[in-house]
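The next block holds one structure in the form of structure tokens; read it before the comments.
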Amino acid sequence: MELGDHHCLPVRFLKFLLRPRRILAMTEVNGAVPATRTALAYSPLYRPGGPLRLFALQLEEGYAAPAHAG
């Protein structure tokens with residue numbers, strides 16, 4: 001492999017990790033709420049009627065604000 005070939009490997013790995021099914025696998029282990037709409041849609045826990053739907057609604061309808069001004 002040439003030096004240029006190695007630079008693509010981290011990008012490919014990150015793309016793999018950020019696939020919706022991979023995000024769900026990670027969040028099932030660490031207990032976090034999936035942070036992408038696509039991953040939320042794959043999980044029956046966060047779909048309408050699911051036991052964790054409230055978390056999905058908060059993510060979909062809320063907005064992020066800085067912790068402090070400045």
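Any read-out appearing in this document is the output of simple, stated calculations on the displayed coordinates, not a laboratory observation. Keep in mind that what you see is a predicted model, and the values were worked out from it rather than measured. Note that each Cβ is placed from the backbone with ideal geometry, even for glycine, and that neighbours are counted across all protein chains shown.
Take the Cβ-Cβ distance between R21 and L52 as r, set R0 to 22 Å, and report the resulting FRET efficiency rounded to the nearest 0.05.
That gives a FRET efficiency of 0.80.
Only helices at least 18 Å long along their axis, Cα-based, and averaging -0.5 or more on Kyte-Doolittle count here, so list those DSSP H runs from the chain.
Helices meeting the span and hydropathy rule in the chain: none at all.
Would you mind calculating the gained length between A65 and V33 on full extension (0.36 nm times residue separation, minus the Cα-Cα distance), in nm to one decimal?
Using 0.36 nm per residue and subtracting the Cα-Cα distance, I get 9.7 nm.
At 37 °C and 0.692 mPa s, grab the translational diffusion coefficient of the chain from Stokes-Einstein with a Kirkwood Rh over Cα pairs, rounded to a whole number in µm² per second.
Estimated via Stokes-Einstein, D reaches 231 µm²/s.
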